[in-house]
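Report on the structure given below.
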Amino acid sequence: MLNKILVLLTFLVTFSSWGQTLVRLTPVAPQQHLLQVELIMQQVPNDTVTMTMPIWRTGRYQQLDFAHAMTNLEAADSAGNKLEVTALSDHQWQLKAPKSGELVVRYQLTADELAMRTRHLDESHLFADFASVVLAVDGMQQHPYEVELIAPKHWQIRSGLAPAERPNVLLARDYQTLIDSPIEAGEHELRTFYYQGALFELVVWGHTPADLDQLNDDIKKLVVAAYELWGKFPFEKYVFMVHATDNIRGGTEHLNSTIMQWDRFKFNKEDDYMAFLGLVAHEFVHTWNVKAYRPAAFVPYDLTERHHSTLLWLAEGSTSYLQDKLLLKSGLIDNDKYYQRIAKRLAQHQATPGGFHQSVADASWYSWNQRSGQHRHNCDANIYQEGYAATLALDLWMLEHSAKRHGVAALHRQLYEQYSLPNGLTVGQVQTAIQALVDPDADVIGWWQQHVDSPLAVDWERLLANVGLTIEPKKETVFHIGASIKPVPEGLSVSNVSQNSAAWEAGLTAGDRIVAVDGFAVNEDNYTRMQHSWAAGQTLELHLFRQGILTKRTLTLAEPTLHIHKLAEDESASSADEKWRKAWLDNR
């Protein structure tokens, strides 16, 4: 306890001795999502001050437009004299600093981006990811920040940031800390627990029938499993923030907190609940894999520019893989359910042409350009989906070439121990870490070239047989035309036509609306019944609308495809394979 007090005192002394920025947040019209932001800066070091609104946020490698909802930008000196602000671009501004005293910058934001997990204000709460709220000011980013919230008295504030002595004030060591430490302030439910000296808070905004005490207990099981995997926590406090509202899903990792969003009514059914715990595990794994060690392109975070790395598959796909390991290690799922989670991932990989077209290294580099749609489906690998598959292949390969001593879990422990921040992780460092864990003659570079730098082409049947597992395929019981079909009241809406499928060969494309098959009207009521009547080799005459014009296409059905249905333990597996499987399941 004394050590913690000394650390806090040191932080406060350091804070008060530097030039600093006070960020004051004032809800102006919560019902209209209007938030006023004031930046009050001491000792601005430059005569010319450049201010930039970030164009992306941590945890999402996609360019975002935070400045679009920003209005009434103005600046003044400590006496209230206005300063001229010049726009350099749609998200960057410049001004002449006052010769002495404070610089005050003020603007309003419309904070209505709940599903983006960036900023949201209403009568019940404020959620703020500061990357979407606070301008990056050149020369001030290495100095401390105070965050003051002018809020209703009954609101509570939760954050990974340290509290100041004054109420409703939080402290950030620098801008890097600020933009990676969101706040959830308002009316919420709170549960807490301690483990290995660290405090954990579960903060739930939104009304939900979920059993929060059970959820708190299950989150603790994941925390224990993660501690056993990495050996220590890179924090003294961690906050699990949950938005429980309608038709929402997703999560974002932060320095010592996470924000997760889930439909308020999807906590009670087992499948829904386990899916949410998978999200919790994913975001918590990121505490190490991304927040403690991450690709060099993102060290330190510069959210005003796009940066590229070939290692995002490791940051995201390996995290997805390790989340399932945590669920297993924590006892929240058993071996059979773990196998089925793998089977589902491999089936998704198998059904997506893009995963066989693009390498995970290229998918990582071009992740900024990827958008949902037919092109991505056919041409782009997915850093989560194919990254998961590549990590599974790496795990089994490492065990095979280390006498079953070391796998991916050992690799991530080593990355944490040897390559944590301020180091920026490079391909060479990852390869070196792998080489240190496998036999000296194991060809790490060759494996990397085949599985990372080239599109995945893995003999899963052989690889999984090494751990005594068999793949049980399943033939489709109905015919699919090779496109994503969404029944609508007036036909079938087509999207994501798979390359070389029956739909592709027939000339269907995303956006088509099929209204008749062989002269029969087709809709959401009868499409499945039609599928059961089809046969391989049968020719279908399709009438469809494209760009509002009725046209006709002929489609020939192919044989139903086999896909990975489930994984099962091979009863005839050798004792050596069973030992290998145990090493794999034990998270070596």
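The values are calculated or read from the model by the stated rules, or taken from the named source; none is laboratory data. Remember, predicted model here, so these are calculated numbers, not experimental data. With ideal geometry, Cβ positions are generated from the backbone for all residues, glycine too; neighbour counts draw on all protein chains shown. Calculation scope for accessible area: heavy atoms of the full protein, side chains included, ligands and nucleic acids excluded. Shrake-Rupley method; radii C 1.70, N 1.55, O 1.52, S 1.80 Å.
List of remarks:
- When V13 is tested against (1) part of a loop (DSSP other than H, G, I, E, B); (2) at pLDDT below 95, just one condition goes unmet, and that condition is (1).
- Criterion violated by R117 - all others in (1) buried (at least 19 other Cβ atoms within 10 Å of the Cβ); (2) part of a loop (DSSP other than H, G, I, E, B); (3) over 21 Å from the mean Cα position of the chain (by Cα) satisfied: (3)
- Residue pairs whose Cβ atoms lie under 7 Å apart, sitting 6 or more positions apart in sequence or on different chains, and linking a residue in segment 541-569 that is closer than 30 Å to L469 by Cα to a partner that is open to solvent by 50 Å² or more (accessible area, probe 1.4 Å) and of a type in the set (D, E), are P560/E476; T561/E476; H565/E472; K566/E472; A568/E472.
- Subset of segment 292-313 [over 14 Å from R57 (Cα atoms) and touching a Phe, Trp or Tyr at 6+ places or on another chain (Cβ under 8 Å)]: A292, Y293, H308, S309, T310, L312
- Members of segment 36-68 that are part of a loop (DSSP other than H, G, I, E, B) and either of a type in the set (F, W, Y) or over 16 Å from V133 (Cβ atoms) (or both): Q42, Q43, V44, P45, N46, D47, W56, Y61, Q62, Q63, F66
- Restricting segment 501-525 to residues that are in contact with a Leu (Cβ under 7 Å, 6 or more places away or on another chain) and of a type outside the set (A, V, I, L, M), the residue that is least open to solvent (accessible area, probe 1.4 Å): D512
- So T319, is it without any contact (Cβ under 8 Å) to a residue 40 or more places away in the chain, open to solvent by less than 10 Å² (accessible area, probe 1.4 Å) and at negative phi: yes
- Candidate set: segment 44-87, residues that are basic (K, R) and touching a residue at least 40 places away in the same chain (Cβ under 8 Å); chosen: the one most open to solvent (accessible area, probe 1.4 Å): R60
- Considering segment 407-500, the qualifying helices (runs of 4 or more DSSP H), each wholly inside and each with 1 or more residues that are farther than 25 Å from L326 by Cα, out of contact with any helix residue (DSSP H, G or I) (no Cβ under 8 Å at 6 or more places or on another chain) and open to solvent by 30 Å² or more (accessible area, probe 1.4 Å), run over 427-437, 444-451, 460-465.
- For T432, the criteria (1) closer than 23 Å to Q385 by Cα; (2) free of Cβ contacts under 8 Å to residues at least 12 places away in the same chain; (3) within 27 Å of the chain's Cα centre (by Cα) hold in every case but one, which is (1).
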